[in-house]
1. Please list 20-27, 157-164 highest first by mean number of surrounding beta-carbon atoms within 10 Å per residue.
2. Give me Rg/Rg_expected for the chain, where Rg uses Cα atoms only and Rg_expected = 2.2 N^0.38 Å with N residues.
3. Any idea what Rg and Dmax come out to for region 1-76 if you just take the C-alpha atoms, in Å?
4. For a protection proxy built on the mean count of beta-carbon atoms within 10 angstrom, sort 127-133, 46-52 highest first, please.
5. How big is the antiparallel share of DSSP beta bridges in region 1-76, given as a percent to the nearest 5?
6. Return the single residue from 104, 225, 136 with maximal mean-square fluctuation; model: Gaussian network over the chain, springs between Cα atoms under 10 Å.
7. State, as an integer percentage, the relative contact order of region 1-76 based on alpha-carbon contacts under 8 Å between residues 6 or more apart.
8. With springs only between Cα atoms under 10 Å apart, run a GNM on the chain and tell me which of 122, 151, 38 wobbles the most.
Ligand SMILES: [Zn+2]
């Protein structure tokens, strides 16, 4: 079969000419595949099976993984490799999507979200913190971790001071929260709440289109990261590395 796919991981086994990759495909979600001879740079499959390449792959099912019989690059996100922060963020996105995206099932929406995130990251047209927040929150929502940020879960108020409960994926208003002592909740600024609602509830075409101060984006990206960590109950090495770069 032929499918469009983003290469999200490369495992090169030393001493072998084949390249083993993990790819996010349109038709089959996340798959593991090997490309014969692709580590030879003269191979026509070489650039199309590198990390971050978006390519058209011809796949054949093997015993425990797929065999890439042909690969043609569609887009190579060159801009990602010129900047260590962008590179680290792109690697984290790939690791996150490798965990959350469906397997052996179509993943059209997830692929589209990832391609948009990498495109904006590579061309520098959006703040990396904004891209991170959108990718994290929207991807979690698509993957069964959709929070309900429409209104206070007790009284239905949708305005006024709100507290976010990342474990429950809900918000509670200032009037209700004193009567419900809850651990692990934090006051959420109105700007951050609006931005999270925009990311979750806007049409796909608009989800990366909003503006916030740099400080606001930092808060937003911290909220979405915290929500991810609590919902998934884990962290990511690539994310830890990205966070060390921010403090330099
Ligand atoms: Zn309330």
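1. Output ranking for 20-27, 157-164: 20-27, 157-164.
2. So the chain has a normalised radius of gyration of 1.11.
3. 10.7, 32
4. Put in order of decreasing packing, that is 127-133, 46-52.
5. Taking every DSSP beta bridge within region 1-76, about 90 percent pair in antiparallel fashion.
6. 104
7. 30
8. Result for the chain, Cα springs under 10 Å: 151 fluctuates most.
Throughout, read-outs are computed from the coordinates displayed, never taken from laboratory work. None of these values were measured; they are calculated from a predicted model. All Cβ positions, glycine included, derive from the backbone under ideal geometry; neighbour counts span all protein chains shown.
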